[in-house]
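**Q** I'd like to ask some things about the structure below.
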Amino acid sequence: MGQIRGVILDIDGTLIDSNDAHAHAWVQAMADNGYDVPFEKVRPLIGMGGDKVLPETTGIQKDSDKGQQISKRRKEIFKERYLPTIRPFPGAKELLRQMRERGLKLAVASSAEQDELKSLLHILDATDLIEEKTSSSDAQHSKPDPQPVEVTLKRIGFPPQAVVMLGDTAYDIEAAQKVGVRTIALRCGGWKDTDLAGAIALYDDPADLLAQYETSPLG
């Protein structure tokens, strides 16, 4: 591998243990609007944005009146019921600090809405470590569409071969691959190794990557 100069970060399921919370919030929001969708159907879709979750589960487009209503309710549920309880994965902030100390430029490419992303970064206590932040308001289509990664890549100003993605889902890997960026994947988001086979390296969680930093693609 050539020299890595920048890292594009996913947040949910990668640095913060929030994938289940997002799935439960979607399930409850759909139920409140008359759609009985099981958790097991929603959970594998977390990592995509509402522009894909809603059509996949209910056939509703996010920008429709009903889609906006469900999305608004999901946001309320997540903020009130789950946001106060979710926590970073072990080693998450320490990993970010290590990457910055090694001279890497850090940027976020998330499907979260801008204010939600701000809250997640506050939980991570890492706002000052991350230079660029791409939310759903910056990209019309969520992962696995490449747009979130593409926008972030342009913002950090490095060619694809000088950047890696750090993510937890097959959607992260697919989105990054489409713009020529390689992915380091973490298992902590709940995906199987076979689903993450497109990654160039695989670790249990941020603490595991930090412990093996010197022999990782980042080392």
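The values are calculated or read from the model by the stated rules, or taken from the named source; none is laboratory data. Keep in mind it's a predicted model, so treat the numbers as computed, not measured. Heads up, the Cβs are rebuilt from the backbone with ideal geometry, glycines too, and the neighbour counts pull from every protein chain shown. In case anyone asks, the SASA skips ligands and DNA or RNA and just uses the protein heavy atoms, side chains included. Shrake-Rupley method; radii C 1.70, N 1.55, O 1.52, S 1.80 Å.
**Q** Starting from 0.36 nm per residue, how many nanometres of slack lie between residue 79 and residue 193 once their C-alpha separation is accounted for?
**A** The residue 79-residue 193 span can extend by a further 38.0 nm.
**Q** Find the Rg to Rh ratio for the stretch 77-219, where Rh is the Kirkwood radius over alpha-carbon pairs and Rg uses the same atoms.
**A** That ratio is 0.93, to two decimals.
**Q** So what's the projected area for the stretch 1-155, the Cα convex hull averaged over all directions, in nm²?
**A** 9.3 nm²
**Q** Can I ask one more? Could you tell me the calculated FRET efficiency between residue 39 and residue 137, based on Cβ-Cβ distance and R0 = 30 angstrom, to the nearest 0.05?
**A** Once rounded, the FRET efficiency stands at 0.65.
**Q** In debye to the nearest 20, how big a dipole does the stretch 1-133 give about its Cα centre with +1 on each Lys and Arg Cβ and -1 on each Asp and Glu Cβ?
**A** Using Cβ point charges on Lys, Arg, Asp and Glu, the stretch 1-133 gives about 200 debye.
**Q** About the Cα centre of the stretch 74-140, what is the dipole size in debye to 20, counting +1 per Lys and Arg Cβ and -1 per Asp and Glu Cβ, all else neutral?
**A** Dipole about the Cα centre, nearest 20: 200 debye.
**Q** Something else now. Considering only protein heavy atoms and a 1.4 Å probe, what is the carbon-and-sulfur percentage of the accessible area of the chain?
**A** Using a 1.4 Å probe with all protein chains present, the chain comes out at 45 percent carbon and sulfur.
**Q** Under a Cβ-only charge scheme (Lys and Arg +1, Asp and Glu -1), can you give me the dipole magnitude of the stretch 96-214 about the Cα centre, in debye to the nearest 20?
**A** That gives a dipole near 380 debye.
**Q** Here's a follow-up. Tally Lys/Arg at +1 and Asp/Glu at -1 over every other residue whose Cβ is under 10 Å from the Cβ of residue 162; what's the total?
**A** Neighbour charge sum, excluding residue 162 itself: +2.
**Q** Over the stretch 86-166, with the other protein chains present, what is the accessible area per residue in square angstrom, probe 1.4 angstrom?
**A** Accessible area per residue, the stretch 86-166: 44 Å².
**Q** If we count trypsin sites (Lys or Arg not before Pro) as exposed when they sit in a DSSP loop and have at most 16 other beta carbons within 10 Å, what is the longest stretch of the chain that avoids them all?
**A** The answer is 6-101.
**Q** Pairing the Cα long axis of helix 147-156 with the longest principal axis of the chain, what angle in degrees results, from 0 to 90 and rounded to the nearest 10?
**A** Helix 147-156 and the main axis of the chain meet at about 40 degrees.
**Q** Taking R0 as 35 Å, what FRET efficiency do you get between residue 87 and residue 65 from their Cβ-Cβ distance, rounded to the nearest 0.05?
**A** Efficiency, from the Cβ-Cβ distance: 0.50.
**Q** I've got another one for you. Mean residue ellipticity at 222 nm from the helices of the chain, using -39,500 (n - 2.57) per DSSP H segment of n ≥ 4 over the full residue count, to the nearest 500 deg cm²/dmol?
**A** Computed mean residue ellipticity for the chain: -11000 deg cm²/dmol.
**Q** Still on this structure: If you line up the Cα atoms of the stretch 28-89 on their principal axes, what length do they span on each, largest first, in Å?
**A** 33, 21, 19
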